[in-house]
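Just below is one structure, and these are the notes that go with it.
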Amino acid sequence: MRYLKWGTIGVLVVLSLLVPVLGMKPYYLHLITYSLIWVIMTQGLNIIQGYTGYVSIAQAAFFGIGAYGSTLLSVDLGLSVWLSMPLAVLLSGIAGVVIGYPALRTKGHYFAIVTMSFCMIVWVLMVAWDKLTRGESGIPNVPSPPSVFGIDFSKKENYYYLILAAVFLTLLFTYRFVHSRFGRALVTIRENEPLAQAIGIPLLAYKMLAFTISAVLGGLSGALYAHYTHFINPTPFTVDYSLNAILAIILGGSGTIVGPIIGSFILIFLPEYLRVAEEYRLLIYGLMLILITIYMPKGIVRILQVALEFVKAKAAGKSASKASGKGA
C-alpha cells in the first residue's frame, strides 16, 4: 500500500506537469491555475485553523496585501517582479505578526472577530485610499515576471509552471513543518491547550509562528494572483473570500495536507459547472455545501481514507486466504 500511495502521488505530479500540453481549452487552464493559487492560500490557513485550532477570517486580507504590495512595488516603484513578490510576501508576514500578537491573546469566537475586523479594515483601505490603490477602479497592466533563460512568463502556460513550482514548494514545506516538533506542538495546542502549557510549550510563540506562516503563504498566493491576472481591485479581498477559504478547508478535510487541495478545486470548479442551471446555481451550490458539511464533517479526505482502508482490508484478506490455502 505504501507503493500505491507514492505511485498515486507520482501520477498526479506527472499529470500536473502535462496540463498545459494536453490541448485543453484556455478557460480550463485558467481554472486549474486559479485553483493552484488557492491551494497555496488554503494551505497557509490550514496551519492556523486545521493544525492549531484557531479559525482566522483574515486570510483574504493577507491575500490582498500580497497582491497590492507586489503590484505597487512593481508598477509605482518600478521594481522587478522577482524582487517585488518576495518583498510583498515579507510585508504580509509583518502584517501577520502585527495583527497576530494582540489577536492570539484571545480565543474562540473573539479571535475570529478580531481577524474578521482586520480583514474588513484592510478592504476599506483598499477602497478608500484612492491615491495609493486607485480604489474600486483597480490597477491595470500589472506586469508579468521578466523572462528567465528565455522562458516568457507573460504566456499563461509558462506562468502555470511558475505557480505549480510554488505549490510544490508550499506542499513540501507544509509536510515537513507539520511533521516536525513545531507541527506536533501545534496539534497539542489544538487538542488540549492547558495540557500544552503544562508540558512547557510556549503557547503565544507557537501560535504566532502558525499565524505568521499563514500570513506569508496568503501573501505569496496574492502576489502570484496579481501578476497572473494583470489587474487587481478590492473585490477578491473581502471577508467573503476568507469564509470561502475556511469552507474549502472544511470540505476537503481540516488538519490534512490533501484536504485544502481538494477543497480549493471544489470551490473554484463547482460554481462554474453549475452555471448551466443559472437560475438555481446558487441554491444548488449552497445546498450541496450544507449537505457535505453535515454528512461529511471530517471532509472528503475522510471518505478517501475509509476507501483506502477498505482496499487494504480486502488485500490483507486475499493474502491471508492464499496463505491458508498453501498451508493446507
Pick out, in residue order, every one of the chymotrypsin sites (Phe, Trp or Tyr not before Pro) in the range 216-245 that is DSSP loop and has at most 15 other C-beta atoms within 10 Å; say none if there are none.
-> Phe231
Pairwise Lys count, the range 2-317 - Cα closer than 30 Å, eight or more residues apart or different chains | 10
Would you kindly state the longest site-free stretch of the chain, with sites defined as trypsin sites (Lys or Arg not before Pro) in a DSSP loop (not H, G, I, E, B) surrounded by at most 13 other Cβ atoms within 10 Å?
-> 156-328
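Can you give the accessible area per residue of the chain, in Å², using a 1.4 Å probe?
Result: 52 Å² per residue.
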On a 0 to 90 degree scale, rounded to 10, what angle separates helix 156-178 from the longest Cα axis of the chain?
-> 60
Filter the chymotrypsin sites (Phe, Trp or Tyr not before Pro) in the range 31-82 to those in DSSP coil with at most 14 other Cβ atoms within 10 Å of their Cβ, and list the result.
-> none
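Using only DSSP helix segments of four residues or longer, with each worth -39500 (n - 2.57), what per-residue ellipticity at 222 nm results for the chain after dividing by its residue count and rounding to 500?
Theoretical 222 nm ellipticity from helices: -25000 deg cm²/dmol.
The values are calculated or read from the model by the stated rules, or taken from the named source; none is laboratory data. Computed from a predicted model, the values in this text were never measured in an experiment. Positions of Cβ are backbone-derived with ideal geometry, glycine not excepted, and every protein chain shown enters the neighbour counts. Note: accessible area is taken over every heavy atom of the protein model, side chains too, but ligands, DNA and RNA are not part of it. Shrake-Rupley method; radii C 1.70, N 1.55, O 1.52, S 1.80 Å.
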